[in-house]
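Written below as C-alpha cells is the structure these notes are about.
Taken together, the values in this text are just the output of simple stated rules run on the coordinates, not laboratory data. None of the values given here were measured: they were computed from a predicted structure. Cβ sites come from the backbone with ideal geometry, for glycine too, and all protein chains shown count toward neighbours.
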Amino acid sequence: MNGQRTPEGATFRAIERAALHPIVCSRIAPDFFSGGLLGNGGMGVVVTTRPDAVVLYFGHNGVWDQRIAELDPARVGTFEDVFRRLRELPADLDSLVEDEWYREYCLMLKEPYNKPYPRPMPCGSVVLGFDRRKAEIVGHTVDIARGTCEVGFLVGGEPATLRLFAEPTDDRLWLSFEGADGLPAAAPFNRVRLMPDPSTPSDIPAAERTVDPAAGTLSFRQTLPYSEAAGVRHGKDKAFRLTVTLSDALEPLRVNNMTRNGIVATHLDDYMDKDGGDRLERALRPAGVFLAAVELEHGWDRDVSSAAKPARGKAAAEAGDNGLGEQALQDARERTREAYESFWSRSGVKLDDEALERTWYRNLYFFQCGVREGVTCPGLFANWLHDRIGSAWHGDYHLDYNTQQPFWLAFSANHAERHLPYVEMVHHITPVSRKWAEEYYGLPGAFYPVSAYPVDMTINPNAGPPFGWVMCTTPWVVQSLWWHYLYTMDLSFLRHRGFEPIRLAAQFMAAYMRRPDARRENDGVYRIFPTVPPELYGLTPGLALNADSLTDITLFRFVFRAYLQACEALDVVEAEADLMAEVADALAHMPEHPTAETADGGRVFVSVPDENPEMVYNTPNSAFTVFPGEEHGLHSPPELYELACRSYLNHRNEGGNELVFYHLQGARLGILDLEKFKRQIEYCLMPNGACTDMVLQTGGRYEDSLRFDFMSRMGVWFENTALPVVINECLLQSYNGVLRLFPNWPAGRSAEFRTLRAVGGFLVSAERRDGRTEWVEVLSEAGGRLRMYAPWPEGAMCSRGGAAATAIDGEIGLDTAPGETLRFVRLRHTEEKQ
C-alpha cells in the first residue's frame, strides 16, 4: 500500500498544497546558504547566483573521503582496565583531567578524530558565466511541488528563465533556457567552467581533467583512496566523475592575466589552473536552443569511467548523440514529474495556519532531496556540500539523536521506505559494534557507538571515555527498527532486517546491567553503571554522575520490551528462551527514573540522580520518557502526566539540538505552544528555506561572548528536516497503539490531513473544522485491530465496505481486514442529515 487512494470527502491534493509554498529569492544569491536546494536523495545540488554567473555546487551521500585513522586496540586497552584505573582516582578532584594519566589517555583517544577524514567529499562546481551588459539575474524560485529551480533573467530587457531539475534516480541535473514566451531559447551564457572542490585534499591523486569540444563536455575524475598511505593503490579505492555537457559549442577562451609591470595582457588558450591542471574553462558559442546536463558518476575506482562520457539521457544514449535532444529532456521531465506526483500522493496536510503548512511541505521536500532507498544514509549535512561546508564533526553519523532525527518523520508521514538507508547503516556498523562488545567489554551482543562512518571500520571511532561510554546510543540506534515494524506491521522486515540488531543490543544491555560491578548497592536493582548522560558531564570524579541516566533507563526499557515483543511476533520464543529470560530479569530490576525537587516544590525528572533541576541541557533529557521513550504522554495516569508536563516546562535548553526534539515532546503531551514553536522556527530559518541549529541561552556550555549563530555556517542541518513530525503529532498520535485525533491543535483552527501513517499499519485521514472533527477515514494495511479514542463524546457512525453504518459509543475497538477502509462520522451528524 502507498496511500495514493483519495479519502472520501477530502478537499485537497497534497501536490497542489505543496505548490503554494515555493521558496522565493527575489535578488542575487551568491552565498551557499542563499542558494536553491535540489536533490534526488543521492545527489544534492545548490543553485547560487552571482551578478555575472550561475554557480552550481554538487555533493552526494555516497561520495566520501573514505580514509580512516584508527587506534591500535592495545593502546586503548579494555573496559575493565580503564574502569579499574578510574575507580582508583581520588573522588575529590574537581575534574578527572587533573590526573595526568587520564588527561593523556583522553588526548590519545582523540587522535583519529582530529584527522580531517573520513568526511563527505564535495563533488565540484559548475560556473555558467554571462556578459552583465547583456543579461541580468533577478532572482530564483524553488518549486518544491515539482522539484525544479527557476532562475529569472532579463536578457536585453526581456524576461527569460533558466530551469533546472535533478532526475529522481539517475544522478543527473538538467538545465534548459526559455524566453519570455516560455519556448526554448538561446541562453546568454558566454563561458562555462568546471571546478574540482577547493578543499580536495592535496595528499590524494590530482583530479584527471578532460575537455572534448566535439562532444560539448568538460569533465574531471577524482580518485578516493582507501589507504591513508599516499600513493598506495588498493582494490577498495573509489572514485567519482563530474561531467557537464552543453548544446552550445565549446571554443577557446580569452583569459586576462596581469603581467609584472601591471599591464593587462590577453592570452588565447591559457588553460592552466593554479594547481597546474587544465582550467576546465571554455567559451560558449550559442548553437541554437540552450540545453545542458551535469552528471555525477561514483563508485569503485575500477567501475567509474576512465574516459569522459557525455551526460546523456536514456533515450539519446541509444541514439548515439550527446544526449541533449529535446526528447531526452522531455523524457527526464516526465520521469521527474511522475516521481513527485508519487511522492506527494503518500500524505498531505491542509492547515488553517500558513506558517505551519509551509514548514510541513518545505521540510518534507528537503527530506526527500536528502535520502532515498538504495543510497548511502546521509550524515549530519546530507548531500549539500562545498569546500569546508559539511565537514564539521566529519559530517558523520552522530548516533545520540542527530542521525536518527530525520527518520522520525518517515513513519507518520508515510514514507517508511526512506527509513531503509538508516537500516542499512545500522547493518553496516553492526560487525564493528559486535567486535567492540566482545573485545573491549568482554560481553555478548553489540555496543553501538556514538559516531560512525559509511567506510570500513575495525574499531569503535569513539574508543573510550567519555563518548565511548555513552550507553544510551546502543538502544537508540536500534529503536527505529522496531518503529518500522510497528508502523508498517511488515513481518518480513522485522525478521530479515529489524530483529537481529534489536536482539544484539538487548543482549549487550542485559549483560552490562547484570555485571557484578554494576550492582553498587544491595537493593536488588541492576544499575546502568558506568554511563555518560548525553553531552553534559563526561566522566565525573568518583563517577558520581555516571549511573542510571534517565536516557539510559528509558531507552533500555524500550528496547528490552521491543525485543520481547519481537520474539512473540516472530514466533521464536523457544529459540530465544535463554536471552528472553535474561532480558526479562534485567527489565524487572531496572532503576527508577531519577527525579528532583524544584525551588517551588514541584518534582521533575532529571538527567541523573542528585542533579540540580536548574541544569541547562544540551538535548531535552528531562522529558525523555515522553519522547523518544514513549512511556509517558496523554495516555498516562494524572500523576505521571503532570510529572511529565512539569519536567517539560521546567526544562532549560542551550539550543542547537532541540528544534524538533523538544517541541515533539510538547506535542506528545498536548501542551506545545504552536505560536512559540513558529517563532523559534523563524529564528532558525536560513535564506534557503531550511532551518539551522541556533543557540538559545548561556548558562550551560556557552558564554556570552559566543556567536549564537555559530552553527549556521557549518552546513545544511539535515536533522531539522524532521520538523513536519512535530506537526503530525499535533494532528494524530498513535504511539501507544490507540489513535488520538488532533491532540494538540487549536480549537479555533481548521485542519485536514491525508494518509498519515499510524502504529498498527493504518493510514489515517481526517478533517477538523470549527473546533470539531468532521470525519475520520482509516485504511487498514495489515488487518489488525483498530483502536481509537472516540473523536466525539456523543458517539460515532462507522461505515465499512458495503455494510450498513453502525453506531459506536466510547473508545473504538474494531477488528479489520487487510486493505479494508473504515469511515467514521459523528453520530449526531448522521441524524441531522436524516
(request) Note down the nm distance, to one decimal, between modelled labels 7 Å out along Cα→Cβ at Ala307 and at Glu794. (result) 7.9
(message) Check the chain for me: any Cys whose beta-carbon has no other cysteine beta-carbon within less than 4.7 Å?
(response) Cys25, Cys106, Cys123, Cys149, Cys369, Cys377, Cys472, Cys567, Cys645, Cys730, Cys798
(request) Can you give me the P(r) profile for segment 678-762? Cα pairs, bins 10 angstrom wide beginning at 0, each as a whole percent. (result) 14, 33, 28, 21, 5, 0
(request) Throw me the Rg/Rh for segment 338-386, computed over C-alpha atoms with Kirkwood Rh, two decimals. (result) 1.04
(request) Please give the FRET efficiency for Glu251 paired with Met108, using the beta carbon to beta carbon distance and R0 = 60 Å, rounded to the nearest 0.05. (result) 0.60
(request) Compute the distance in nm between two label points, each set 7 Å from the Cα along the Cα-to-Cβ direction, one at Asp709 and one at Thr458. (result) 4.6
(message) For a quick check: with amide H placed at 1.01 Å from N, whose amide H comes under 5 Å from Trp64's, ignoring anything fewer than 5 positions away on the same chain?
(response) Met121
(message) Can you tell me the mean projection area, over all orientations, of the convex hull of segment 407-468's alpha carbons? Units nm², please.
(response) 4.8
(request) For segment 1-121, just list the percent of Cα-Cα distances falling in each 10 Å bin from zero outward, please. (result) 9, 19, 18, 16, 17, 16, 6, 0
(request) Return the sequence-ordered ³J(HN,Hα) values of segment 28-41 in whole Hz as given by the Karplus equation 6.51 cos²θ - 1.76 cosθ + 1.60 applied to θ = phi - 60°, using x for Gly and Pro. (result) 4, 10, x, 7, 3, 8, 9, x, x, 9, 10, x, 10, x
(message) Using the Karplus curve 6.51 cos²θ - 1.76 cosθ + 1.60 with θ = phi - 60°, what ³J(HN,Hα) values do you get for each residue of segment 381-389, in whole Hz, with x for Gly and Pro?
(response) 10, 6, 10, 9, 9, 5, 6, 8, 5
(request) For segment 529-648, just the Cα set please: Rg and Dmax, both in angstrom. (result) 16.1, 52
(request) Rank the residues His234, His632, His21 as a footprinting-exposure proxy: fewest other Cβ atoms within 10 Å of their Cβ go first. (result) His234, His21, His632
(request) Quick one: divide the alpha-carbon radius of gyration of segment 612-702 by 2.2 N^0.38 Å and tell me what you get. (result) 1.11
(message) Explain nothing, just the number: relative contact order of the chain, from Cα pairs under 8 Å at least 6 residues apart, as a whole percent.
(response) 12
(message) From zero outward in steps of 5 Å, how is the percent of C-alpha pairs of segment 733-833 spread across the bins?
(response) 3, 13, 25, 27, 21, 9, 3, 0
(request) Note the count of lysine pairs whose C-alpha atoms are less than 22 angstrom apart in the chain, limited to pairs 8 or more residues apart or on different chains. (result) 7
(request) Would you calculate the separation in nanometres between label points at Glu228 and Arg335, each defined as 7 Å from the Cα along the Cα-to-beta-carbon direction? (result) 4.1
(request) Would you mind ranking Val573, Val97, Val695 so that the residue whose beta carbon has the fewest other beta carbons within 10 Å leads the list? (result) Val573, Val97, Val695
(request) Please order Tyr226, Tyr113 by the number of other Cβ within 10 Å, starting at the fewest. (result) Tyr113, Tyr226
(message) Given N residues in segment 468-585, what is its alpha carbon radius of gyration divided by 2.2 N^0.38 Å?
(response) 1.13
(request) Wrap a convex hull around the Cα atoms of the chain, take a quarter of its surface area, and give that in square nanometres. (result) 40.4
